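*Asks:* First, the structure itself, so that you have it in front of you.
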Amino acid sequence: MTIGQSITYYRRMQVLTKTELARRVGVSDSTVVYYENGRLLPTLRRQIAIAHALGIQVRQLWSGTPDSVLIRLCKSKRARKDNQRCSS
């Protein structure tokens, strides 16, 4: 399962529309569509906001995502900029 598929799954479980999730996260409706379709990867800050809006933990968004993607994200400049550390 990709992060976009996870967002869709948990959004539907909470019976939220894309518009409502967008409002709670502070992004446009089209941004939520891009996240769910895999055209755009949410930043770590947005992932935290999405998880909070859906009542889940960030790691639940990544369930089923290959480790190679997680490692690449963790090593990215954005992750270092946000002072995030990779955990094993």
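A short reminder: the numbers here are calculations on the coordinates, not readings from a lab. What you are looking at is a predicted structure, and each value in this text was computed from that prediction instead of being measured. In this analysis, Cβ positions are derived from the backbone assuming ideal geometry, glycine residues included, and neighbour counts consider all displayed protein chains.
*Asks:* Considering only the other residues whose Cβ falls under 9 Å of the Cβ of Gly4, what net charge follows from Lys and Arg at +1 and Asp and Glu at -1?
*Replies:* For residues surrounding Gly4, the net value is 0.
*Asks:* Shape verdict for region 1-54, please, from the Cα gyration tensor: rounded (a/c under 1.5), prolate (a/b greater than b/c) or oblate.
*Replies:* It is rounded, given that a/c, with a ≥ b ≥ c, falls under 1.5.
*Asks:* Is any residue of region 31-45 close enough, with backbone N under 11 Å, to a label point placed 7 angstrom from the Cα of Val58 along the Cα-Cβ axis, and if so, which?
*Replies:* Those under the cut-off are 43-45.
*Asks:* Go ahead and run the numbers for FRET between Met13 and Thr43, Cβ-Cβ distance against an R0 of 35 Å, rounding to 0.05.
*Replies:* Once rounded, the FRET efficiency stands at 0.90.
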